[in-house]
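This report refers to the structure that appears directly beneath it.
The values are calculated or read from the model by the stated rules, or taken from the named source; none is laboratory data. Treat the numbers as computed from the prediction; the structure is a model and nothing was measured. As a convention, Cβ positions derive from the backbone with ideal geometry for all residues, glycine included, and neighbour counts pool all protein chains shown. What goes into the accessible areas is simple: the full protein's heavy atoms, side chains included, and nothing from ligands, DNA or RNA. Shrake-Rupley method; radii C 1.70, N 1.55, O 1.52, S 1.80 Å.
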Amino acid sequence: MAAMSKVLGDEDLLRGILLRVGFPTTLVRASLVCRRWYLCASDPAFLRRFRDLHPPRLLGFYLELWVGNWRCRSRFVPMPLPPELGVSRGSFDFETYQGLRRCCPPPHLLFALLGGYAAESVKVQCWRGNVFAEISNSHRRVQAVRSPLLPGRDSTIVPPFPSPRNNRGFITKIDEFVPNYGAKGPSFIFLSVRCSTHRCVAKVYVLQDGAWSIHASASAEIPSFQTISNILLVDSRIFVLAKWTYRKDCVLILLDLSSSSFSVIELPEEMEIKKRYNGANALEQMYNGANTLLWADDSGVYLIYAIRLQVHIWLHSTNSDGVGNWLLVDTINLREICATQGISSRVLEDGHDAAGFGVHMAMYNAEFLLFGWGGGHNTAGSRMRMAICNAEFLLFEMGDGIIYSLDVRSRAVQKVHECDMTVQHHRVAKIHPFMMIWPPVFPALMDGCD
């Protein structure tokens, strides 16, 4: 008995055991054994080691397809999973998988919310185990947030976004639903920014008791700007890749909600994107998703952009003295990779190398990259779709609707899905990766619980 107590009381042995459970979901279940296991599993230092050994896994992705007349349909495509995360009927995760497929509220509720008419278009966003769905028809629009990895949790119906009363005299108007990729603060916000020639004002709204209310505001004497990427929220910091309205320069703008202040982070001269934009194509590049910001955990912010079939990954980090630095992490040449793997595409064959070539990206973290190019039935409409999950893998779709997975380190490619592109006007619009939640969400520890 004494020998058993000695073994069970060994903290190093316990950490070694928990490091081998493999998945965040299993780690959370293991933490429920007792208070000691809970404290060990939820320790930040332990979680950093756990993540190094077991990076967040891609569970699948939501595929948005344009189906004509600017209508969009979304469907969930699962990735092959190990037995621990299997979705066979009767398994623990079968209900979770079914929840992932249903990104919208229950049909009877949705039918009522849409005024008794069927849904015609569904668009989604994914972050930290959540899915934001925008469902609409010609009569109404419904917005909802679901957590498919928590099947017992109901959908949250998101009311219409706030509409600022005074829109006159402003050059830039930004109104965006922004998910929070951090572990602190509200799960999502609504961001409203208004810029005149030399002044910008931002208001942040959060959802409380079913209604939007102002959470924070900030103003600064900075020039008017246009966003040319996704807007990244991490805890209380909002990052925006922007182009000055009356100049070609691109910068990274930081809005710190805790101090209600703006700051401008300059891009390095060797970053090709810095001087790339003029007023005509800045908004087009933002729409195509050619630039994406991504949180790099505690390391900083990734800026990933694609130019001429090359994906560039930059990291901005801040040292202990508060000095920021840019580092080029990787450059991925898609043309060379496809040639090496024997992958053909109208995009490659027809020489879409610069002008007229659009890139679509959506990102989760800088270790898993999803990307692709595709068009309708003519090569002139060929565009590239990208979605980045982390820096180890990448998915891409080509003009024929075939989606491949690329191992970023080995540059190996494998086919993971094939879309039915025989229907006229069908084409891939976006790819939204759905990742295992990280960091894991542990239940609250009750006082006196052993």
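What's the carbon and sulfur percent of segment 158-230's accessible surface, probe 1.4 angstrom, rounded to a whole number? C and S atoms contribute 48 percent here.
Distances between placed amide hydrogens fall under 5 Å for ILE402 paired with CYS419, all partners being 5 or more residues away or on another chain. Expressed as a whole percent, the accessible area of segment 18-73 that falls on carbon and sulfur atoms is 56 (1.4 Å probe). Take each peptide in 248-260, 315-327, count the other Cβ atoms within 10 Å of every residue, and average; sorted highest first, the result is 248-260, 315-327. Cross-link check: pairs LYS123/LYS430; LYS123/LYS415; LYS173/LYS243; LYS203/LYS430 evaluated at a Cα-Cα cut-off of 21 Å; pairs beyond the cut-off: LYS123/LYS415; LYS203/LYS430.
Converting phi to 3J(HN,Hα) with the Karplus coefficients 6.51, -1.76 and 1.60 and the offset θ = phi - 60°, segment 43-54 yields 5, x, 5, 5, 5, 5, 5, 4, 5, 4, 7, 10 Hz in sequence order, with x at every glycine or proline.
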